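Report on the structure given below.
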Amino acid sequence: QHIPKLVHHAEDESCVGLLYEIAGQSLTAVVTADSVEAGALQRYGRLVSGALLTHLNSQYEIDLESSAKAILKSWLGYRLDSKEAPVLHSFIADELASDGIVIVAGRILANPLWLCTSDALQDANCVCFSGLIHGDLHPGNIMVDRQSSTGDLFWLIDFALSRQAPLFYDHAYLELALLVNTLDGLGKERMIGVLDALESPGDRVLTVPVADVGLVDCLKSIRAGSDEWQTSKERLRRDPYIAQQLLARVAVALNWVNKPITVENKRLALAYGCWSAKRYLETCYPATWKALLQRAESRAPSAPLEGSAKRTQAVLELPAAWPALWEDCARFDESNATYVLVTGSIDRDQNL
């Protein structure tokens, strides 16, 4: 119902062309999902999210003896090996400390690559939902009929990377694609602000810049679509459902950091991964997360710190008044006001 017929394909060393048939549809009405306005994208996000589970994976499988490491390995493969993915590992090493605790946009988060490659994930049995994943589900691979009277006609294209794997990877991939495309060229602070609003109860969406409100609503609709599936099909497995979703977001982030995209967008993807890694540890391994925080806080202030470790120490020592100031200044949102940084003198000989 949502997969058009592939009529023909051609490829050379650099490009692949795919010709699909969507019978009876207009060439002007059928467009990619990144061509529609936010309200329509919000509606389609929920529909696609649900269809990935109820239609594409009506015959999903449950493995009661899987593990977090096995699930991540299935999604990430060679990317977990520093020798096979040196660019990914080098970039994260330059951006973050090698320890589990990192600081991103003033927030204490977790290093996603450290989470995947360390012994933090105990190899205990856990539930894994498996099925068919698209593998590259971004808005450009979703075709919609923008003139549909019901607003529910859509098709998924480009299944070149489709395979059997743990579920929810497509949901996380679509989330991050929307985030990176919308926040392209903006700072990590905007990414963290959107994620904060997305997961906070109440009307926290009102605290994000006006330009990001539609984005938050779209992401909420994607999550609502999969939540409806869980409530209907796996009501008694809420915990493993949440755990696998968070792992999927970690894996997708590392996948995007490994892509040949701009450094700014790699940093956006990495911020998404850091946020998700922290949420996974907080939710599934609270004792491990608490131990990481205690270890970071116990570092002696007089000890020589460099790079990310120094930034971590600085944030851990922020005065209690800072969170209140952050909120009072609307998180320094440039759409609300203009802000001036007042600082002491700068040593121009210092290597900044």
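Tell me which helices (runs of 4 or more DSSP H) are completely within region 190-301 and hold 1 or more residues being modelled with pLDDT of 95 or more, or say none if there are none. Steps first, answer last, please.
Numbers: elements: 210-233, 238-257, 263-284, 286-297.
Filter on region 190-301 gives 210-233, 238-257, 263-284.
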All positions within region 209-247 that are basic (Lys, Arg) and closer than 24 Å to Glu282 by Cα: Lys220, Arg223, Arg235, Arg237, Arg238
Residue list for region 166-217, filter: at positive phi and open to solvent by less than 10 Å² (accessible area, probe 1.4 Å): Phe168
Residues located in region 121-144, provided they are farther than 15 Å from Ala51 by Cβ and surrounded by fewer than 20 Cβ atoms within 10 Å (Cβ to Cβ): Gln122, Asp123, Ala124, Asn125, Val127, Ser130, Gly135, Asp136, His138, Gly140
Residues of region 217-263 satisfying the condition of being over 13 Å from the mean Cα position of the chain (by Cα), closer than 25 Å to Arg43 by Cα and among the aliphatic types (A, V, I, L, M): Ala224, Ile242
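Residue-wise test of (1) under 25 Å from Val144 (Cα atoms); (2) free of Cβ contacts under 8 Å to residues at least 40 places away in the same chain.
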residue	(1), (2)
Leu6	yes, yes
Gly17	yes, yes
Gly45	yes, no
Leu53	yes, no
Tyr78	no, yes
Ile101	no, no
Every residue from region 60-72 that is open to solvent by 30 Å² or more (accessible area, probe 1.4 Å), modelled with pLDDT under 95 and not in a strand (DSSP E or B): Lys69, Ala70
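Out of Leu27, Leu56, Leu41, report the one residue that is part of a helix (DSSP H, G or I) and either open to solvent by 40 Å² or more (accessible area, probe 1.4 Å) or not small (Gly, Ala, Ser) (or both).
Leu41
For (1) closer than 23 Å to Val194 by Cβ; (2) of a type in the set (Gly, Ala, Ser); (3) in contact with a Lys or Arg (Cβ under 7 Å, 6 or more places away or on another chain), each residue gets a yes or a no:
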site: Pro86; (1), (2), (3): no, no, no
site: Asp99; (1), (2), (3): no, no, no
site: Leu109; (1), (2), (3): yes, no, yes
site: Pro112; (1), (2), (3): yes, no, no
site: Ser118; (1), (2), (3): no, yes, no
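The values are calculated or read from the model by the stated rules, or taken from the named source; none is laboratory data. The structure displayed is predicted, hence computed values, not measured ones. Note that we place each Cβ from the backbone using ideal geometry, even for glycine, and neighbour counts take in every protein chain shown. The protein model used for the area step is the full one, side chains on, heavy atoms only, and it has no ligands, DNA or RNA in it. Shrake-Rupley method; radii C 1.70, N 1.55, O 1.52, S 1.80 Å.
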